[in-house]
Structures are given as structure tokens and as C-alpha cells.
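K.L.:
Here's a structure for you.
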Amino acid sequence: MSEPRPIPQIWGVVNVTPDSFSDGGRYLDTDAAIAHGLALAEQGADVLDIGGESTRPGADPVSEDEEIRRVVPVLEALRAAGSEAQLSIDTRHAAVAAAALDAGATIVNDVSAGLDPEMLPLVARSEVECVLMHMQGEPGTMQAAPHYDDVVAEVREYLGRRVEAAVNAGIDPALLWIDPGIGFGKTLEHNLALLRNLEAFVSDARVLLGTSRKSFLGRLTGREDPGERIAGSLVCAVRAALAGVHAVRVHDVAATHDALRVFAEVR
Ligand code: PMM
């Protein structure tokens, strides 16, 4: 019998934004974001994913300077606190990623998979880990009319092309992650097709999955308040673990930690 796959890492979300759909700006205040990050690390987060720009459908873009002003003090404080969790910067902008790497981040999580022409060269020079996520369109308009003939095949092909671009830019393939981008230019049916076929993404690059509190869970359950979508989010974390996904990006770290701990014993 082959060895059971390791359970996924937990990436805890630290949004330093006033308009993220999931925590409504409660952590805009720098000190609150730092305390939240430390709490998530304590609850078992392997990585803290810090973001200063909401990518919620229809969200207003923020300037790079504002994004840097939001995330850098949080990264510096989390690094200074000596937390064991790795720090990730969730940004589409190379200038923000560069500032974040200087402030202690060791992972770049780019939901645009390297659209900024400076991003992949920066990651290559810095020799850090990088997440390449699939999105159809851009956050402002992506949910208007997403269309695919075969969502699983098209997302896979896209991620394959972005991995190739990253490797051509000089990034070590061992440092790359791919992410099918649940909710980014996708209908409920597209999201479900991706979740039913997660195994198709588990290949050479490690896979990160972000389903936590997302609106498709609200559609399925009738839960309008993102904070009430924990049960749905946990089922997705377990689904990810079953498929051999390498990490889940979640808001509810303690609950996810428990769910995956039990899953590891009963699978
Ligand atoms: N989702 C959000 C933001 N960043 N990054 C990756 N790699 N994957 C995701 O699914 C993802 C992400 C949006 O969720 P939030 O506003 O609740 O953080």
C-alpha cells in the first residue's frame, strides 16, 4: 500500500483591508492585524497570508503606496514577534511584493499569476516561493459573465502556461504553487466542477486551494454572512485533503486545524 498523503498545510488569511468581504475591515488597524496574525499562528497556521488589496468581486483598486502602507508594518511586526509561521504577501503588484519581501515575507501569492511584468523576474531574483492563481478577467468585472467550454481543462492549461512562464523567468519549479482560483471569474457550477476534479491539478507543482467563506458556499447553504460559512469551508478543506492538495487558505484556522487533524486519523 502506498504511503498516505500528508495533510495540507494551513495558510491563515490576514486581510489588512477596509473592504474584504470576509472580515469587513475589522483588521484595518495595524495592531489588530498583527494580533490576528499571531492568533492564527498560535491556532496552527503554517503560513500567514497578508493582503492589503481586496480582490472581492467589484472591489475598488488601491494604489501600490497604500497597499505597501497597509502590509509592511504588519509583516515587520510578525517577523519581529518571531512566529514560526512563514509569511506570504498576497499582491498583484511587484512593487508591493518587493517591499513585503524586504519586510520578511518569503512567499509571493499573486492572484494574477505574474501579470505585472516585473513580478516573475522579482520572484526569480529573490528565490522565494510563488503562488500562481487562475482568474478569468479582473476583480472589478470577473463575475459579470464568466464563460468556459471546459473549465477544468482550461484552468489546467492556463496554469501550465503560467508555470512555464515562471520557469522561463528563472524561477526554480520546486518553489512554485498553483491555485485554480475558486470564485475568480467563475460561476457556482464552474467552482463545483473544479472542486469535484481537484485531483486533476495535483501534479508536479504544489496546489493551494482557497474556498474559505466564499460566496458559492453562501449560494449552496443560504448563509449570507461569510462568518457563518465555516461548515461549508471545512468540507472543502477535507475535500482538498482527500485530493492530495498541499495547502488550504482559510480564515478559520482553529476549526480547519481540528478538521484536518481528525481527517488524518480516519481516512
Ligand atoms: N482568494 C482571495 C484572495 N487571495 N489567493 C489565492 N492564492 N487563492 C484564493 O483563493 C484567494 C487568494 C479572496 O478571499 P478573501 O478576500 O477572503 O481573502
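K.L.:
Got a sec? Which of Thr187, Thr221 is crowded, with 17+ Cβ neighbours inside 10 Å and either at positive phi or at pLDDT 95 or above (or both)?
P.N.:
Only one candidate passes the filter, namely Thr187.
K.L.:
Output the number of residues of the range 42-73 satisfying the condition of being part of a helix (DSSP H, G or I) and either in contact with a strand residue (DSSP E or B) (Cβ under 6 Å, 6 or more places away or on another chain) or not basic (Lys, Arg) (or both).
P.N.:
9
K.L.:
Something else now. Quick one: which of Thr106, Thr55, Thr91, Thr30 is open to solvent by 50 Å² or more (accessible area, probe 1.4 Å) and of a type in the set (Val, Ile, Thr)?
P.N.:
Checking each option against the conditions leaves just Thr106.
K.L.:
Then there's this: List pairs: first residue in the range 70-90 and among the β-branched types (Val, Ile, Thr), second residue in a loop (DSSP other than H, G, I, E, B) anywhere in the structure, Cβ distance under 6 angstrom, at least six positions apart or on different chains.
P.N.:
Sorted first by the residue in the range 70-90, then by its partner, the pairs are Val71/Val16; Val71/Gly52; Val72/Ala103; Val74/Val16; Ile89/Ala105.
Residue-by-condition table, conditions (1) at pLDDT below 95; (2) among the polar types (S, T, N, Q); (3) within 27 Å of Glu138 (Cβ to Cβ):
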{"residue": "Ala33", "(1), (2), (3)": "yes, no, yes"}
{"residue": "Gly37", "(1), (2), (3)": "no, no, no"}
{"residue": "Asp46", "(1), (2), (3)": "no, no, no"}
{"residue": "Ser54", "(1), (2), (3)": "yes, yes, yes"}
{"residue": "Glu64", "(1), (2), (3)": "no, no, yes"}
{"residue": "Ile68", "(1), (2), (3)": "no, no, yes"}
{"residue": "Val71", "(1), (2), (3)": "no, no, yes"}
{"residue": "Ala77", "(1), (2), (3)": "no, no, no"}
{"residue": "Ala80", "(1), (2), (3)": "no, no, no"}
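K.L.:
Check Ala113 against each of (1) touching a Leu at 6+ places or on another chain (Cβ under 6 Å); (2) within 13 Å of the ligand (Cβ to nearest atom); (3) open to solvent by 30 Å² or more (accessible area, probe 1.4 Å) and name the one condition it does not meet.
P.N.:
(3)
K.L.:
Filtering the range 233-262 down to residues that are among the small types (Gly, Ala, Ser) and either more than 17 Å from the chain's Cα centre (by Cα) or open to solvent by 20 Å² or more (accessible area, probe 1.4 Å) (or both), which residue is nearest to Gly183 (Cα to Cα)?
P.N.:
In this case the residue turns out to be Ala243.
The values are calculated or read from the model by the stated rules, or taken from the named source; none is laboratory data. Owing to the predicted nature of the structure, the values given are computational and were not obtained by experimental measurement. Cβ atoms come from the backbone with ideal geometry, glycine included; neighbour counts cover every protein chain shown. Just the protein is used for accessible areas: all its heavy atoms, side chains included, with ligands, DNA and RNA removed. Shrake-Rupley method; radii C 1.70, N 1.55, O 1.52, S 1.80 Å.
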